[in-house]
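One structure is given here, and the rest of the page talks about it.
FYI, it's all coordinate maths here, none of it is from the lab. A quick note: this is a predicted structure, and the numbers were derived from the prediction, not measured. Don't worry about glycine lacking a Cβ; one is built from the backbone with ideal geometry, like all the others, and counts go over all protein chains shown.
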Amino acid sequence: MNELEAVVLAAGQGKRMLSGTPKVLHPAAGRPLVAYPVRAAIEAGASRVVVVTSPSTRDAVSAALAAALPGADLEFVVQESPRGTGDAARVGLTRVRAERVMILCGDTPLLRSDDLCALVGALEQDPSARLALLSAHLEEPAGYGRVLRDPDGRVSAIREHRDLASDAERAIREVNAGVYVADAAALRDALARIRSDNAQGELYLTDAVALVSSLALRGDASALAGVNDRVQLADAEALLYRRVAERHGAAGVTVRSGARIDDTVMIEPDAVIESGVVLRGATSVGARAVIDVGSVVTDSVVGAEAQVKPYSVITSSSVGERAQIGPFAHLRPDSAIEAEAHIGNFVETKKTRVRRGAKANHLAYLGDGDVGEGANVGAGTIFCNYDGFQKHQTIIGEGAFIGSDSQLVAPVTVGKQAYVATGTTVTRDVPDGALAIGRIKQENKAGYASRLRARLSAQKRG
Ligand code: UD1
Ligand code: CA
């Protein structure tokens, strides 16, 4: 039999979010809220996690958790109607096989596995206790359940905010974090006996606390912050971003203030993440790479020693080692910029491979293309990839030179070491080593400018 399992309560409606998205699926620092407590439970030693959802959110919650925590042993169970945390815990416990169970809420993303381990340890050290709950001291405890203790300090009950009965109870600053470790059999038994005769007409999990021998472990107030509305979501996310930055800092990454790095991002040592950078999703950054001010990188791989200069936007793409991107570059999905290649300011790429050492330094659109090793794409070059119906490929051979302000009308291939003269509209393939030139022959008219100027100024004078 497994020693320890967890139940995560996530079936509440989350009305205060005013949202079409279930509360526990709102993202914070790149993961759905519910992924954080589930992960904390696993890190604290839960061999399985039972997640309680509502009938309408079951599929979305299970899909989101499978994506966020691949490989985790999760089970989903539906609470038919939101009759309170006590009912949700009862439903969750029907799937628990272990002797000991952690109960967590799906809306507490700041909870840490260390807090859970401490709670498990506290219960183990007190043989008379059947349940341990996490509490914290809050100067403004409004909204939370209060921890009532008897004269010798043992927990006698939890009183919900709306059910506080006296000034003495209202004065209590020790609040219930909504995190419990319990003997599963004792908790099942207590939950069978609770009733809904309270201000909200709900079955309170907290009422079970008074029915079993319970202890409260004081933890850090920051761990318990629950997300009930958008303001609390923003506050919790700011703390999560801070934790992520501290984690990377401890691993040898420079993270300047004001960078926002999702919990999902990987960064190697000695990389520098400048102020205002946003790193999202399945992004990784190699050693000694620099992501400079204001760049936004989503689901992309940036190689070692690459430089992403300020205000570049990179999405679902890869940047090779020592490549240089930006400033103000836009790599749209499926761009593969290989090692030592350069993509300069106001260059946009999409579904294009720019091979090793190739350069497109200024003002260009490279869509649906393949730029050969060491090729140079001049300023103002456009890959005309779209005819209004379909996208077509532009292929540029190794070492080719595309003069400024050229248009390459796809599908088209420019051969290896070929030259495209400035201002050429390329509509036919250019063989290896050939020069393509397509422009009207220049004519110089001697003295014409002086005569024109004289005539125009005479006209102006009248
Ligand atoms: C709860 C505690 C309170 C504690 C606070 C800490 C109770 C009665 N109160 O209050 O003592 O101080 O957490 O944050 O437990 N849920 C269900 N099904 C339901 C109702 C709720 O799954 O029928 C889930 C919610 O999705 C949520 C969690 O249980 O994840 C907590 O519910 P919520 O309504 O937020 O409880 P609080 O009022 O915050
Ligand atoms: Ca809550």
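For segment 320-462, place one equal point scatterer on every Cα, skip the solvent, and apply the Debye formula. What is log10 of I(q)/I(0) at q = 0.15 Å⁻¹? Here log10 of I(q) over I(0) equals -0.68.
Using equal-weight Cα scatterers in the Debye expression, the normalised intensity of segment 15-107 in log10 at q = 0.10 Å⁻¹ is -0.24. Per the Kirkwood formula applied to alpha carbons, segment 401-457 shows a radius of gyration over Rh ratio, Rg over Rh, of 1.29. Evaluated at q = 0.13 Å⁻¹, a Debye calculation over the C-alpha positions of segment 112-238 (equal weights, vacuum) places log10 I(q)/I(0) at -0.54. For segment 47-153, the equivalent ellipsoid built from the Cα gyration tensor has semi-axes of 27, 18, 15 Å, listed from largest to smallest. Note on GLN393 and SER457: their simple-model spin labels are 5.9 nm apart, each label 7 Å out from Cα toward Cβ. The ellipsoid that matches the Cα gyration tensor of segment 257-378 has semi-axes, each √(5λ) in whole angstrom, of 22, 13, 13, with the longest given first.
Rounded to the nearest 20 debye, the dipole size of segment 209-340 about its Cα centre is 320 debye, using +1 on the Cβ of Lys and Arg and -1 on the Cβ of Asp and Glu.
In the structure shown, do any of LYS351/LYS441; LYS359/LYS391; LYS309/LYS441; LYS15/LYS350; LYS416/LYS445 have a Cα-Cα gap over 29 Å, and if so which?
Long pairs (Cα-Cα over 29 Å): LYS351/LYS441; LYS309/LYS441; LYS15/LYS350; LYS416/LYS445.
Applying D = kT/(6 pi eta Rh) to the chain, where Rh is the Kirkwood radius over alpha-carbon pairs, T corresponds to 25 °C and eta to 0.890 mPa s, the Stokes-Einstein value obtained is 94 µm²/s. Protection proxy ranking for 215-227, 430-442, using the average of other Cβ atoms within 10 Å per residue and placing the highest first: 215-227, 430-442.
Kirkwood radius and radius of gyration were both taken over the C-alpha atoms of segment 195-246, and their ratio Rg/Rh is 1.14. Looking at the P(r) of segment 66-114, how many percent of alpha-carbon pairs lie beyond 16 Å? When every Cα pair of segment 66-114 is considered, 55 percent fall beyond 16 Å. Across segment 346-420, Cα-Cα pairs more than 15 Å apart make up 46 percent of the total.
Since only ALA186, LEU148, PRO127 are under comparison, the one whose Cα sits farthest along the positive direction of the charge dipole of segment 94-193, derived from C-beta charges on Lys, Arg, Asp and Glu, is ALA186. Each 10 Å bin, from zero up to the one with the longest distance, holds this percent of the alpha carbon pairs of segment 187-334: 11, 31, 20, 12, 12, 12, 2.
If segment 119-165 were replaced by its equivalent ellipsoid, with semi-axes equal to the square roots of 5 times the Cα gyration tensor eigenvalues, what would those be, largest first, whole Å?
Semi-axes (√(5λ), whole Å): 23, 13, 9.
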